[in-house]
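Working notes, beginning with the structure itself.
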Amino acid sequence: MAKTLIWSYIDASNDWHTNCNVKIIILLKELELKRSLKVLTVMLMMIMCIPGLFANGQKEDDGKIVVGFSQIGAESAWRVANTESIQSEAAKRSNIVLKFSDAQQKQENQIKAIRTFIAQGVDVIAFSPVVETGFEAVLKEAKEAGIPVILTDRAVDVADDSLWVTFMGSDFVEEGRKAARWLIEKGLTDVNIVELQGTVGSAPAIDRKTGFEEVIKSQPGMKIIKTQSGDFTRSGGKEVMEAFLKAEGDNINVLFAHNDDMAIGAIQAIEEYGLIPGKDIIIVSIDAVRGAFEAMVAGKLNVTVECSPLLGPQLFDAAEALMRGEKIPKRIVTKEDVFPMEVAAKVIDSRAY
Ligand code: AHR
């Protein structure tokens, strides 16, 4: 507005006036530039006053930590308890915003969810990988975006372990060893074993098998005569056990199930076949979920090796520590027990899942 008023007062009737006009134009341009600079400075100051605007590309201005979590699905009682632990712990912490995504057992859905979290600029990404391999590219994308990744429950198989900051969860190899050691302690060293494996390519299926085989290899009488995946589900366990019984029938002495849900499905198949689970066929499984305790109280399952799904508190402790700039351990191992059927009735009411 000021520029227009001055301009209307000047004319270009002689050299002096023309000169004046030129000077005034330069002056006005300088003034305009200065004003633009001022406006720009004020804008920058306003932007910088918004806390955390540039932290990890995150827009949060309320000090909250946004955690994107990609869960495998709901294939077992263990998984349901794990989801509950994560969601209820997030709800307890007022500084945590949880973005939860269910992959319905599909790796492609997990990869999509992680990409969405990256695009949203969350502070931390956490996930329980359905299988070990195939996550390299998306983890690189997260690293490039400056978003730390926490692995919960299951590990990934990547060459560069700087792609994730920590892995919290059970020692699956040790769980397999514990199952085999229990059989040996009970003197069950001359037995035909059938094995119900977890999801093909998943860390617990690979590791539990490894640990179990490592221990039984010292016992020539312990033979795995059939092994197949039941995908960690009750229906899978039942279906595969039916096939094992059809092929081997009374020849089977021991069932090693990679989780309780498959063992419970298999118990049904054994009963329908006309054998007594827990007696005719000794059953060893992993997880220690409530259903396993009920089966043990009923005398149908012999032992369960604990694998705790209660990872929520650890997960958010780690996310908070990361946001405070603290260094956290690369591996956080869950402490676990073994529960034989003899203690089931005493322990069942104290179980949290
Ligand atoms: O990764 C943990 C395993 O996944 C549990 O043993 C099983 O029940 C679950 O589905």
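The values are calculated or read from the model by the stated rules, or taken from the named source; none is laboratory data. Everything quoted here is computed from the prediction, not taken from an experiment. Glycine also receives a Cβ, built like all others from the backbone with ideal geometry; neighbour counts cover every protein chain displayed. Each accessible area value is taken on the protein alone, full model and side chains, heavy atoms only, with ligands, DNA and RNA left out. Shrake-Rupley method; radii C 1.70, N 1.55, O 1.52, S 1.80 Å.
Taking the criterion of being of a type in the set (S, T, N, Q) and open to solvent by 10 Å² or more (accessible area, probe 1.4 Å), the residues of segment 234-291 that qualify are 235, 251, 253, 268.
For the subset of segment 123-164 comprising residues that are open to solvent by 10 Å² or more (accessible area, probe 1.4 Å) and hydroxyl-bearing (Ser, Thr, Tyr), which member is nearest to the ligand (Cβ to nearest atom)? It comes out as 133. The strands (runs of 3 or more DSSP E) found wholly in segment 89-175 and carrying at least 1 residues that are touching a Gly at 6+ places or on another chain (Cβ under 8 Å) occupy 96-102, 124-127, 149-152. Identify all residues within segment 246-285 that are touching a residue at least 60 places away in the same chain (Cβ under 8 Å), in contact with a strand residue (DSSP E or B) (Cβ under 7 Å, 6 or more places away or on another chain) and assigned to a helix (DSSP H, G or I); write none if there are none. Of everything in segment 246-285, those that are touching a residue at least 60 places away in the same chain (Cβ under 8 Å), in contact with a strand residue (DSSP E or B) (Cβ under 7 Å, 6 or more places away or on another chain) and assigned to a helix (DSSP H, G or I) turn out to be 260, 262, 263, 266. If the condition is being open to solvent by less than 20 Å² (accessible area, probe 1.4 Å), closer than 22 Å to residue 166 by Cα and in contact with a strand residue (DSSP E or B) (Cβ under 7 Å, 6 or more places away or on another chain), then segment 299-325 contributes 307, 311, 315, 316, 318, 319. In segment 186-218, which residue that is touching a helix residue (DSSP H, G or I) at 6+ places or on another chain (Cβ under 7 Å) and open to solvent by 30 Å² or more (accessible area, probe 1.4 Å) is nearest to residue 171 (Cα to Cα)? Once the filter is applied, the top-ranked residue is 207. Whether any residue in segment 316-323 is modelled with pLDDT of 95 or more, within 16 Å of the ligand (Cβ to nearest atom) and touching an Asp or Glu at 6+ places or on another chain (Cβ under 7 Å) is what I want to check. Within segment 316-323 (the criterion being modelled with pLDDT of 95 or more, within 16 Å of the ligand (Cβ to nearest atom) and touching an Asp or Glu at 6+ places or on another chain (Cβ under 7 Å)), the answer is no, since none of the residues qualifies. Candidates in segment 188-218 are the residues that are of a type in the set (D, E, K, R) and more than 19 Å from residue 279 (Cβ to Cβ); of these, the one that is nearest to the ligand (Cβ to nearest atom) is 208. Only one entry of 297, 254, 289 meets the criterion of being within 16 Å of the ligand (Cβ to nearest atom) and at pLDDT 95 or above, and that entry is 289. Residue-level check: of (1) among the β-branched types (Val, Ile, Thr); (2) open to solvent by 50 Å² or more (accessible area, probe 1.4 Å); (3) not in a strand (DSSP E or B), residue 225 misses just (3). Does segment 165-185 hold any residues that are open to solvent by 40 Å² or more (accessible area, probe 1.4 Å), touching a residue at least 12 places away in the same chain (Cβ under 8 Å) and either away from the ligand (no atom under 16 Å from the Cβ) or among the basic types (Lys, Arg) (or both), and which are they? Result: 165, 177, 178, 181, 184.
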